[in-house]
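Visitor: Before I ask anything, here is the structure I am working with.
The values are calculated or read from the model by the stated rules, or taken from the named source; none is laboratory data. This structure is a prediction, so every number in the text was calculated from the model and none was measured. Every residue, glycine as well, gets a Cβ built from its backbone with ideal geometry; the counts of neighbours run over all protein chains shown. Just the protein is used for accessible areas: all its heavy atoms, side chains included, with ligands, DNA and RNA removed. Shrake-Rupley method; radii C 1.70, N 1.55, O 1.52, S 1.80 Å.
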Amino acid sequence: MRTRTLKLEPVVFHTLNTIFMIGIAIVTLYPFLNTLAISLNAGNDTIRGGIYLLPRVWTDQNYKAVFAGGTIYHAFWISVARTVLATVLSLFLTSMLAYAISRKEYVFRKPITIVVVMTMYFNAGLIPSYFLIRDLHLLNNFLVYIIPGLISAFNMIVIRTYIQTLPEGLIESAKIDGAGDFRTFISIILPLCQPVLATVALFVAVGQWNSWFDTFLYASSKQDLSTLQYELMKLLSSSMLSNSSAAVSSGADPGAARNMVTPMSIRAAITIVASLPILVVYPFLQKYFVHGMQLGSVKE
Amino acid sequence: MAGSPEMIPSKQAAPQVVPKSSLWKRMSGQKQLMLMSLPILLYVFVFSYYPIWGWTMAFQNYKPARSFDQQEWVGFKHFKFLFSDDTFLMVLRNTIGMSVINMVLGFVTAIIFAILLNEIKQKLFKRSIQTISYLPHFLSWIIVTGIVANSLSVDSGIVNVLLMKLGFINEPIMWLSEPKYFWGIVGASHVWKEVGWNAIIYLAAITSIDPSLYEAAEIDGANRYQKMLYVTLPGIKSIVIILLIMNLGWILDAGFEVQYLLGNGVVVDWSQTIDIFVLKYGLQIGNYSLATAAGIFKTVVSITLIFAANTIAKRFGEDRLI
């Protein structure tokens, strides 16, 4: 009796569990695939409803409209520029500091660590920060995307923890060969840190690419500095105000061919353009960031 | 002090001179390390510490046109006003309410997901599910709220379509225009976005549980669920406690983006959080002092909770958090 129920139970459990997992995969992927379908469907047809996984009237007009050279195309390149620049700079500066405070003999190691880690737990708040940005003349300035978010204490701890796992002998032998700390950092530590740098680069790049609040706050009066996410945000809030996709279509892009492009369809196309770069990259970095998360989250 | 003037200085000097010179020596050998950490120190002081000075605004009737010594000092007037202001008490309620919902839902779903995913033995399937589950974490809140708004839309949103096809409702629900659904929608959006990401840490903790514990439990006749309950859960208990305590510190951080992006005039009484309050009073209405006071309140509560949490975690015998 007992053995029989035990034999049946695993089959039932595994079937249900597998179905549950597939369910999660569907719930996660469906909205994305639906957006993809809408982005490839003619805008005036989408309004009729009933688009689920496949487009009904195929078109590439929505993507053409995005890349036609207008504001959205410009915003796309601003997004690319801020992401690349900030990631490279932030990675270099953060790992340089991480190396310095990983050196056990460094006299200022403790105080600097405390001063930097403290910044994780407080911030001055919106208004004082806004005034600081204004006083530094960073309002409506491209550098407002790069400078304020340059250092993250969390990323620094992740990199430092990784450096501390490297064999001490490497650094000592570099020193014996006459290399200074900066040389050691550039030619020994950086190349060895590739896995953790990949993780942090992903964190920084995703944060930069997805950011919209800094545009909203600091650069909203300069269209030249608008980013892809901010353009998407503007489209989203305008469509939520009208609250009906039919009403939105009247405000469609004037240059759109025969109403093929509506704000809803162009929003779908921008969503795909805005998420694709990340979705292409992250699965390859999975083994790194899973490890990086564990390094940074508890042991500090 | 006046007792033996020659004795005391010499006694103090003797132990000081030796370490000081060696400290100096050590420092001069570390010029490169110092240069390497200098830019970041400057950066942290300018962008994290210096703005704290702006907190003085909360104790003034701050007028941008006046210089610092011309400002009128009013003490705790703005703080007192905040706690008698219905709008602030409302956003405080919303913030804590959504925070607690997000936290409870976030923990429960991530732990359940991790435990169930751990039961999947087929490697490739497990890995694929895990990879898919991270996906929404990398999307911006703009995209996620767009997806949420689409899914919940009245015309052809998938949620209404499914509920109607399954016969649960007869006509579509206007999800985003009903204040009573707002907190739940925010909580569900967080779960959708973060459940896979949050599970990473639990999955790692589960894989580090000693397999012999499971074998011993099996010999004792434990079934699958008993093993989950008496081996897996205790095995991840310490990490759950650490993360839970750590998250308590962020109780006033219910998020800003979701509420700002999904909120609308109809649900405003239930959607606004402290961050939105600060944005509205500070940068839109121009009441800098009041907005700064609200921001200070938030930061002070967070820091207090984090340090309390740190102490509690130590008492639990866990690793220090900071």
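Visitor: Within the range A:36-46, does at least one residue satisfy the condition of being away from chain B (no Cβ under 14 Å), of a type outside the set (S, T, N, Q), part of a helix (DSSP H, G or I) and within 20 Å of A:Lys234 (Cβ to Cβ)?
Guide: There is at least one residue in the range A:36-46 that is away from chain B (no Cβ under 14 Å), of a type outside the set (S, T, N, Q), part of a helix (DSSP H, G or I) and within 20 Å of A:Lys234 (Cβ to Cβ).
Visitor: Out of the range A:34-88, which residues are out of contact with any strand residue (DSSP E or B) (no Cβ under 9 Å at 6 or more places or on another chain), open to solvent by less than 30 Å² (accessible area, probe 1.4 Å) and modelled with pLDDT of 90 or more?
Guide: Result: A:Asn34, A:Thr35, A:Ala37, A:Ile38, A:Ser39, A:Ala75, A:Ile78, A:Ser79, A:Arg82, A:Thr83, A:Ala86, A:Thr87.
Visitor: Another one. Can you tell me which residue in the range B:55-87 is farthest from A:Thr184 (Cα to Cα), limited to those that are touching a Phe, Trp or Tyr at 6+ places or on another chain (Cβ under 6 Å) and within 12 Å of chain A (Cβ to nearest Cβ)?
Guide: Out of the qualifying residues, it is B:Tyr62.
Visitor: If you don't mind, another one. Considering only the range A:241-255, I want to know if a residue exists there that is at pLDDT 80 or above and part of a helix (DSSP H, G or I).
Guide: no
Yes/no per residue for (1) open to solvent by less than 50 Å² (accessible area, probe 1.4 Å); (2) at pLDDT 80 or above; (3) within 7 Å of chain A (Cβ to nearest Cβ):
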position: B:Pro19; (1), (2), (3): no, no, no
position: B:Lys31; (1), (2), (3): no, yes, no
position: B:Ile40; (1), (2), (3): yes, yes, yes
position: B:Val44; (1), (2), (3): yes, yes, yes
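Visitor: Okay, next question. Between a residue in the range A:255-266 that is under 19 Å from A:Leu232 (Cα atoms) and any residue that is hydrophobic (A, V, I, L, M, F, W, C) and modelled with pLDDT under 70, which pairs come within a Cβ distance under 8 Å, given they are 6 or more apart or on different chains?
Guide: Once the first residue is under 19 Å from A:Leu232 (Cα atoms) and sits in the range A:255-266, its partners that are hydrophobic (A, V, I, L, M, F, W, C) and modelled with pLDDT under 70 give A:Val261/A:Ala252; A:Thr262/A:Val248; A:Thr262/A:Ala252; A:Thr262/A:Ala256; A:Pro263/A:Val248; A:Pro263/A:Ala252; A:Met264/A:Val248.
Visitor: I would also like to ask the following. Among B:Gln130, B:Gln122, which is the only one that is free of Cβ contacts under 8 Å to residues at least 12 places away in the same chain and within 12 Å of chain A (Cβ to nearest Cβ)?
Guide: Answer to the check: B:Gln122.
Visitor: Which of (1) free of Cβ contacts under 8 Å to residues at least 12 places away in the same chain; (2) farther than 22 Å from A:Met293 by Cβ does B:Pro172 not meet, given it meets every other one?
Guide: Every condition holds for B:Pro172 apart from (1).
Visitor: Taking B:Tyr225, is it over 30 Å from B:Val74 (Cβ atoms) and buried (at least 22 other Cβ atoms within 10 Å of the Cβ)?
Guide: Here the answer is no, as B:Tyr225 does not meet what is asked.
Visitor: Find the residue count for the range A:218-240, including only residues that are out of contact with any helix residue (DSSP H, G or I) (no Cβ under 7 Å at 6 or more places or on another chain) and within 8 Å of another protein chain (Cβ to nearest Cβ).
Guide: Result for the range A:218-240: 1.
Visitor: Right, next: So the check is Cβ under 7 Å with 6+ separation or different chains; which pairs have a first residue in the range A:61-77 that's small (Gly, Ala, Ser) and a second one that's at pLDDT below 90 and assigned to a helix (DSSP H, G or I)?
Guide: A:Ala65/A:Ile266
Visitor: Return the residues of the range A:104-113 that are surrounded by fewer than 16 Cβ atoms within 10 Å (Cβ to Cβ) and either on the phi > 0 side of the Ramachandran plot or more than 9 Å from every other protein chain (Cβ to nearest Cβ) (or both); say none if nothing qualifies.
Guide: A:Lys104, A:Lys110, A:Pro111
Visitor: From the list B:Val154, B:Val104, which residue is among the β-branched types (Val, Ile, Thr) and over 24 Å from B:Ala199 (Cβ atoms)?
Guide: B:Val154 is the lone residue from the list that is among the β-branched types (Val, Ile, Thr) and over 24 Å from B:Ala199 (Cβ atoms).
Visitor: Here's a follow-up. Which condition number does B:Ala254 fail, the rest of (1) open to solvent by 40 Å² or more (accessible area, probe 1.4 Å); (2) more than 10 Å from chain A (Cβ to nearest Cβ); (3) modelled with pLDDT under 90 being met?
Guide: (1)
Visitor: Still on this structure, please answer the following. With the requirement that a residue be of a type outside the set (A, V, I, L, M) and in contact (Cβ under 8 Å) with a residue 40 or more places away in the chain, what does the range B:134-169 give you?
Guide: Those that are of a type outside the set (A, V, I, L, M) and in contact (Cβ under 8 Å) with a residue 40 or more places away in the chain: B:Tyr134, B:Pro136, B:His137, B:Trp141, B:Thr145.
Visitor: Which residues, taken from the range B:277-295, are more than 7 Å from every other protein chain (Cβ to nearest Cβ) and open to solvent by 10 Å² or more (accessible area, probe 1.4 Å)?
Guide: B:Lys280, B:Tyr281, B:Gln284, B:Ile285, B:Gly286, B:Asn287
Visitor: Quick check on my filter: what residues within the range A:18-31 are at the interface with another protein chain (Cβ under 9 Å from one of its Cβ atoms), of a type outside the set (A, V, I, L, M) and surrounded by fewer than 18 Cβ atoms within 10 Å (Cβ to Cβ)?
Guide: Answer for the range A:18-31, where residues must be at the interface with another protein chain (Cβ under 9 Å from one of its Cβ atoms), of a type outside the set (A, V, I, L, M) and surrounded by fewer than 18 Cβ atoms within 10 Å (Cβ to Cβ): A:Thr18, A:Phe20, A:Tyr30.
Visitor: Is one or more of the residues making up the range B:242-250 at positive phi and surrounded by 18 or more Cβ atoms within 10 Å (Cβ to Cβ)?
Guide: Checked against the condition, which is being at positive phi and surrounded by 18 or more Cβ atoms within 10 Å (Cβ to Cβ), the range B:242-250 yields no hits at all.
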